[in-house]
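*Asks:* Quick one: the structure is below, and I'll ask about it shortly.
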Amino acid sequence: MGALRNFVSEVLEMEGSAVEAVEPDGLEVLAPEPLRALMGWPELVRLGFGAELPAGATAVGFEGDWLDRFGALLGDRGRWAERKFVLPGPPPRIHDPARLLDHAIEFPNAVWRLQEVSAAWTRCLLLAFRYTAVSDEKREGLVWLGFNQGTGAVINGFAPRLRSLLAADAQWQVPDPEVRRAAGSAWDASVLDGRVRALINHSLRNEVEPFLRTMRRRLDRDRNRIHQYHSDLHLLAQKKLAALAGSTGEKAENDRKREMLRIAAIEREYAAKLGDLCHNYALRVSVDWVQGLELFVPVQRFQVLVKRRKGEKLMRLDWHPAVRLMEPPPSDWGLGIGRSRLVCDDQLHITDPAGQSPCPSCGRAWCRACHPTACRRCGHSIS
Ligand SMILES: [Zn+2]
Ligand SMILES: [Zn+2]
């Protein structure tokens, strides 16, 4: 519980409280007036964070609405920040840039030539989203997305390593105007929105996949149980009905009617139970942006000439000395993950392989960056 106590202590101090640690695992807080009223506290309050509380303390934990209440005190502070990444030593030398590039990119329908490698600054964007997935159970978590705004590359692959390097470096350096200028401009809102939307769906799907798997298992188990139960009842009623087949007379006729009603009732109940299951296991997912960091990073920028038939195009991608890794190539269409890209004939778009795949209806390949909504030949639309 140490992390929660430290967090609460910092938030309350920022709000003008005098905070003192008390044992076991507690805080004694002298709160100023607006805060006191907001939290419903007396002037002096004791908070306890462990299983064992200090005398007279109010228990504070992750359950209940405590996080929401402390979060409300923070407001929008801490949601957005800028930081300059400082390499611990001189930038490492790249001995064989072409070979490095060869391992990082794959262009099955184009050739490329490395033109230049030079030191540069770039703007990376690290965004955190909080998601809540609810069906018969609930799962919450954070998803991080990372982009290099200077090249357009997705850097999700090594963003966690960047974040842990930043966490280990206590000295927060603000980017100076020179670095800012060198790093170029940030994406505008519409570009950012488009990039985030595509990638967040993909990342969330990966994130909730284990949760979905166990949910499906529970759903299968419940469905099988309901099926078995009703199928047994159904079988029994049918047997009784079959036994009455040869009998005549009023009593037999009444018995037959009763069994037929019973069978209809079993079928109705079975359908209703399946409906309940669908309702209980329906998955609702909500996502909210919680935090963003604009990170100014020193990189080695690779200028690469990509050639497809008679056309050619300059592409840039960065090698990140901080993590000693090359980012994946940028992509004009698709998620921009993985190292393979295809180049289109008409406008030399660089896309994920799926961006040049054959039309499911007429079989002709077309570039999704050129024609994002439908196949040019047969009009088959992308859902
Ligand atoms: Zn088509
Ligand atoms: Zn194209």
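The values are calculated or read from the model by the stated rules, or taken from the named source; none is laboratory data. Quick caveat: nothing in here was measured; it's all calculated off a predicted structure. Note that we place each Cβ from the backbone using ideal geometry, even for glycine, and neighbour counts take in every protein chain shown. Please note that ligands, DNA and RNA were not included when accessible areas were found on the heavy atoms of the full protein model with its side chains. Shrake-Rupley method; radii C 1.70, N 1.55, O 1.52, S 1.80 Å.
*Asks:* Applying the selection to segment 103-135, what residues are closer than 14 Å to Asp318 by Cα, under 30 Å from the mean Cα position of the chain (by Cα) and open to solvent by 50 Å² or more (accessible area, probe 1.4 Å)?
*Replies:* Selection gives His103, Trp121.
*Asks:* Another question, if that's okay. Go through segment 136-157 and give me each residue that's assigned to a loop (DSSP other than H, G, I, E, B) and over 15 Å from the mean Cα position of the chain (by Cα).
*Replies:* Within segment 136-157, Asp136, Glu137, Gln149, Gly150, Thr151, Gly152, Ala153 meet the criteria.
*Asks:* Do any residues in segment 293-322 that are closer than 20 Å to His349 by Cα have Cβ atoms under 8 Å from those of residues that are of a type in the set (D, E, K, R) and assigned to a loop (DSSP other than H, G, I, E, B), where the two are at least six apart or on different chains, and which pairs are they?
*Replies:* Close Cβ pairs satisfying both conditions: Arg308/Asp345; Arg309/Asp345; Gly311/Asp345; Leu317/Glu327; Asp318/Glu327.
*Asks:* Scan segment 301-322 residue by residue and report those that are open to solvent by less than 40 Å² (accessible area, probe 1.4 Å) and either farther than 30 Å from Asn109 by Cα or touching a Ser or Thr at 6+ places or on another chain (Cβ under 7 Å) (or both).
*Replies:* Matches in segment 301-322: Arg301, Leu317, Asp318, Ala322.
*Asks:* Regarding Ser203, is this residue open to solvent by less than 60 Å² (accessible area, probe 1.4 Å), at pLDDT below 95 and not charged (D, E, K, R)?
*Replies:* When the stated conditions are applied, Ser203 passes them.
*Asks:* Filtering segment 150-184 down to residues that are touching a helix residue (DSSP H, G or I) at 6+ places or on another chain (Cβ under 9 Å) and within 21 Å of Ser118 (Cβ to Cβ), which residue is surrounded by the most Cβ atoms within 10 Å (Cβ to Cβ)?
*Replies:* Ile155
*Asks:* Got a sec? Which strands (runs of 3 or more DSSP E) wholly within segment 1-111 have at least 2 residues that are under 30 Å from Glu140 (Cα atoms) and in contact with a strand residue (DSSP E or B) (Cβ under 9 Å, 6 or more places away or on another chain)?
*Replies:* Counting at least 2 such residues, we get 26-30, 44-48, 80-84.
*Asks:* Another one. Evaluate segment 330-341: report whether one residue or more is within 30 Å of Trp80 (Cα to Cα), modelled with pLDDT of 95 or more, of a type in the set (D, E, K, R) and open to solvent by less than 20 Å² (accessible area, probe 1.4 Å).
*Replies:* No.
*Asks:* Is there any pair with a first residue in segment 361-381 that is within 15 Å of Asp346 (Cα to Cα) and without any contact (Cβ under 8 Å) to a residue 24 or more places away in the chain and a second that is of a type in the set (Ser, Thr, Tyr) and more than 8 Å from ligand 1 (Cβ to nearest atom) whose Cβ atoms are under 7 Å apart and which are 6 or more apart or on different chains, and what are they?
*Replies:* Partner pairs satisfying both residue conditions: Ala365/Ser357.
*Asks:* Residues of segment 368-383 being more than 27 Å from the chain's Cα centre (by Cα) and either assigned to a loop (DSSP other than H, G, I, E, B) or more than 10 Å from ligand 1 (Cβ to nearest atom) (or both), which ones?
*Replies:* If the condition is that a residue be more than 27 Å from the chain's Cα centre (by Cα) and either assigned to a loop (DSSP other than H, G, I, E, B) or more than 10 Å from ligand 1 (Cβ to nearest atom) (or both), then Cys370, His371, Cys375, Arg376, Arg377, Cys378, Gly379, His380 are the ones that fit.
*Asks:* Output the residues belonging to segment 354-364 that are surrounded by 15 or more Cβ atoms within 10 Å (Cβ to Cβ) and more than 8 Å from ligand 1 (Cβ to nearest atom).
*Replies:* Once the filter is applied, which keeps residues that are surrounded by 15 or more Cβ atoms within 10 Å (Cβ to Cβ) and more than 8 Å from ligand 1 (Cβ to nearest atom), segment 354-364 yields Gly355, Gln356.
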